[in-house]
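Remarks on the structure that follows.
Read the figures in this text as sums done on the coordinates, not as results from a lab. The shown structure was predicted, so the numbers you read here are calculated from the model rather than taken from an experiment. Using ideal geometry, Cβ is built from the backbone for each residue, glycine included, and neighbour counts are taken over all protein chains shown.
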Amino acid sequence: MKTVVSASIPSHTEILTSARSIVERVRSNAPESDRLGYLSADSFHALQDAGLFQIMTPRRCGGWEGNIASVFEAASIIGEGCPGSAWHIMIANGNAWQVGRQDESIQDEIFGENPGAIVSGAIVPNGLARKVPGGWQVSGRFGFISGIQHASWFSFLTFAEGEEGQRGDMLSMYCPASEVKQLGNWDTLGMRSSGSPDVELVDVFVPDERVSIPADRSSVSDAAQRQTTNLYKMPVVSALPLLVSGTVLGAAKRALELYVERIRQRTERYTGRSKSDSQAQMIRIAKVAAEIKSAEMLLKDAADRFDAIVRGDGASTLEDRATIKWQAVHAIDVLRRAVTTLYDAAGGGVIYNNSEFLATFRNVHVASHHAVCDVDPAAEMYGRLIVGLEVDTRAV
């Protein structure tokens, strides 16, 4: 493939300006997207036209080859309008980053005809692949495949079929999204517009050219080591919570904004006293505002640390990776608890399904249940690092 280089690579500030320009548009579409169970066409095109899906796509493929701070902050801005839209920014860029870690032949096949192609993927390996001439015949079911409705490609991890049908080596594969059967099981408490159903592959042929041996998530594959930029040489697993965090941060900011609007209008049921005259309410708001701000500072610090390594020699230490991961996971937990604090005092008016505040509360809780945001093992990992005990490097 002839290398395609974007004529103009926007700055970090320009990317965020583009995100702000479409917040109201995706917010107006959010109820429709929730009803659909996936992102509305108008919201998808708004994000696509703003270029927010190609921040981490390799420059040689027509992308911007940007930094993780741009993805996280753009998702946070969009998350104030529609968390499902923000989730799509995370999915598209996270998977484009992964494609950038593959051999150029795979990059060319995925982005060659369409530099703006969207890749949806599964991070949990499943299924079996049987070796056949020229490739692999794959069958299996994969869960939480966000954005598959608008995707051109599906990336997944599976196992080579061993003796007597047992699982052998793990393999990384790509197939056209059109060859994936979407199962209609995405009926959830929140994040409905993320469009994250299970999918099934039934005897799908994947040619050898789209198959590779993945590295341990805490290390770097041979293909990634051959890349010419440090962005695609970085280990993945420690940065995944940081990618997720933008959605949660934006939604938490919106929850506080909606809560303050309600406080200005509400009165005590029996006394008629304005809620805005309540000292307890002011303390609650002040504490939550500080919690959201502190979480944002932790996230920005983690993103800056990641991007500084990329700008440098690309060599990350265990402390670097553990710190990036823990700050992101902890910040997400802080944001979840902050939004819960607001919900606890928001009154009966927010229990109706047409309440934007209720939708935001649900979205925060569902987004923070992503596997990479699991607080307990992340806290244990970071605590062991601080104390000087052995850390399971597979998790960082």
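Annotations for the structure displayed:
- Space enclosed by the convex hull of the alpha-carbon atoms of segment 234-395, per residue, Å³: 118 Å³
- Calculated mean residue ellipticity, 222 nm, the chain: -15500 deg cm²/dmol, from DSSP H runs (n ≥ 4) at -39500 (n - 2.57) each, averaged per residue and rounded to 500.
- Whole-number D in µm² s⁻¹ for segment 119-215, Kirkwood Cα-pair radius fed into Stokes-Einstein, 37 °C, 0.692 mPa s: 242 µm²/s
- Near residue 62, the amide H atoms lying under 5 Å from its own belong to 4, 6; only residues 5 or more places off or on other chains count, and H is placed 1.01 Å from N.
- For segment 241-289, the set of trypsin sites (Lys or Arg not before Pro) satisfying both a DSSP loop assignment and a count of at most 12 other C-beta atoms within 10 Å is given as 269, 273.
- Extending 7 Å from Cα along the Cβ direction at residue 393 and again at residue 20 yields two label points whose distance is 4.3 nm.
- Stretchable slack from residue 268 to residue 164, in nm (0.36 nm times residue separation minus alpha-carbon distance): 30.5 nm
- For the chain, the longest principal axis of the C-alpha atoms and the axis of helix 375-387 are separated by about 80°.
- Computed from phi, the 3J(HN,Hα) profile of segment 321-329 under the Karplus parametrisation 6.51, -1.76, 1.60 (θ = phi - 60°) reads 5, 5, 5, 4, 5, 5, 4, 5, 5 Hz, with x in place of Gly and Pro.
- Interchain or long-range residues, amide H under 5 Å from residue 167's placed H: 162
- Length added when fully stretched, residue 278-residue 200, from 0.36 nm per residue minus Cα-Cα: 22.7 nm
- Using θ = phi - 60° in the Karplus curve 6.51 cos²θ - 1.76 cosθ + 1.60, the 3J(HN,Hα) couplings for segment 351-363 round to 7, 7, 5, 8, 7, 5, 5, 4, 4, 5, 4, 5, 4 Hz; x is entered for Gly and Pro.
- Between 244, 99, 202, the residue with the greatest mean-square fluctuation in the GNM of the chain (Cα pairs under 10 Å linked by springs) is 202.
- Spin-label pair residue 182/residue 114, simplified geometry with 7 Å Cα→Cβ offset, distance in nm: 1.3 nm
- Summing Lys and Arg as +1 and Asp and Glu as -1 over all other residues whose Cβ lies under 14 Å from the Cβ of residue 160 gives a net charge of -2.
- Looking at segment 318-396, the chymotrypsin sites (Phe, Trp or Tyr not before Pro) that sit in a DSSP loop and have at most 15 other Cβ atoms within 10 Å of their own Cβ are 352.
- Longest site-free stretch - the chain; sites: GluC sites (Glu not before Pro), DSSP loop, at most 16 other Cβ within 10 Å: 114-267
- Label point distance in nm, residue 301-residue 344, each placed 7 Å from Cα along Cα→Cβ: 2.5 nm
- Vicinal HN-Hα couplings computed from phi for segment 26-31 (Karplus, 6.51 cos²θ - 1.76 cosθ + 1.60; Hz; Gly/Pro x): 6, 5, 5, 8, 4, x
- Residue-count net charge about residue 277 - beta-carbon cut-off 12 Å; Lys, Arg +1, Asp, Glu -1: +3
- Taking 0.36 nm per residue of separation and subtracting the current Cα-Cα distance, fully stretching the chain between residue 36 and residue 225 would add 63.9 nm.
- Per residue convex hull volume, Cα atoms of the chain, in Å³: 147 Å³
- Euclidean distance of C-alpha centroids, segment 68-132 and segment 19-47, integer Å: 19 Å
- Residue among 94, 347, 63 with the largest mean-square fluctuation in a Gaussian network model of the chain, springs linking Cα atoms under 10 Å: 347
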